[in-house]
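First comes the structure, then the notes that go with it.
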Amino acid sequence: MPRTVMIAGNWKMNGLSADLGFFDTIAPVARASAAEVLVCPPATLLAAAAGRCSGEAILIGGQDCHAEKSGAHTGDISAPMLRDAGASHVIVGHSERRIDHAESDADVRAKAEAVLAAGLIPIVCVGETRQEREAGQAEDVVRQQLSGSLPGVSQNSELVIAYEPVWAIGTGLTASVSDVASMHAFIRSALPEPLTTRILYGGSVKPDNAAALLSLADVDGALIGGASLKASDFTSIIEAAGR
Ligand code: PGA
């Protein structure tokens, strides 16, 4: 069974209701694509986006969740709430969460398990910093993140991994095609279910570099920040997926 390519947009802390027309623009391209298209808007837009995309080939996801189902956690959102609002996937362990909110691997694992328990699919992010790469530690760091952040083996069937080198996020720098190829092969070799688990690349994916990255055997899609905010860029990347 070939792995279906996933093209996922992460809007981060961007987007107002005036931006929902984005979904009407990308819908025909998503419908025509063999790729699975996912957009993770801010939580404030999730229900409206899901309503707008109902019947379309666009999935909607959350950007983070709390590990508990409910409780006294002001400002937090749980996985069942995201599901209720129309999400099918939740990003967990994005480097901006790991850095801005001091999330540990154990926190990320608890969130990933909460996502699975809610019947949703976690997209677990891993990736090294520039210093770690320059010190030759990229694989060790990623191995450690995987072993600490992934949920229990028996629950892994639909899991998605996103390899996002921290230094490539929002910087316009991308890892070289050969570095991406070797890191993705390394990640696959470290996964409990290597044949079915999809591994996305993230970090300054743009219309002009998407085809080269997506052509790599172990790259099963892309997680896209900046270029997912502009419908024309995002649709070009969906078209570049082409398999
Ligand atoms: P970027 O973000 O495409 O803007 O580099 C990627 C991400 O953080 O998922």
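The values are calculated or read from the model by the stated rules, or taken from the named source; none is laboratory data. All of these numbers come straight from a predicted model, not from anything done at the bench. Please note: Cβ atoms are built from the backbone with ideal geometry, for glycine as well, and neighbour counts cover all protein chains shown. Quick note on the areas: whole protein, heavy atoms, side chains included, nothing else; ligands and nucleic acids left out. Shrake-Rupley method; radii C 1.70, N 1.55, O 1.52, S 1.80 Å.
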Original post:
Can you name every residue in segment 94-134 that is within 24 Å of Arg188 (Cβ to Cβ), in a helix (DSSP H, G or I) and of a type in the set (A, V, I, L, M)?
Top reply: Ala106, Val108, Ala112, Val115, Leu116
**OP:** Scan segment 199-219 for residues that are away from the ligand (no atom under 15 Å from the Cβ) and surrounded by 16 or more Cβ atoms within 10 Å (Cβ to Cβ) and jot them down.
**Re:** Leu216, Asp218
Original post:
Does any residue of segment 149-167 turn out to be surrounded by 15 or more Cβ atoms within 10 Å (Cβ to Cβ), among the aromatic types (Phe, Trp, Tyr), over 13 Å from Cys65 (Cβ atoms) and more than 14 Å from the chain's Cα centre (by Cα)?
Top reply: yes
**OP:** Scan segment 174-223 residue by residue and report those that are under 19 Å from Gln144 (Cβ atoms) and β-branched (Val, Ile, Thr).
**Re:** Ile187, Thr197, Ile199
Original post:
Name the residues in segment 180-216 that are acidic (Asp, Glu) and modelled with pLDDT of 95 or more, would you?
Top reply: Asp208
Original post:
Yes or no: Glu113 open to solvent by 60 Å² or more (accessible area, probe 1.4 Å) and not hydroxyl-bearing (Ser, Thr, Tyr)?
Top reply: yes
Subject >> Test set (1) at positive phi; (2) more than 13 Å from the ligand (Cβ to nearest atom); (3) touching a residue at least 12 places away in the same chain (Cβ under 8 Å) - Gly136 fails condition number >> reply: (3)
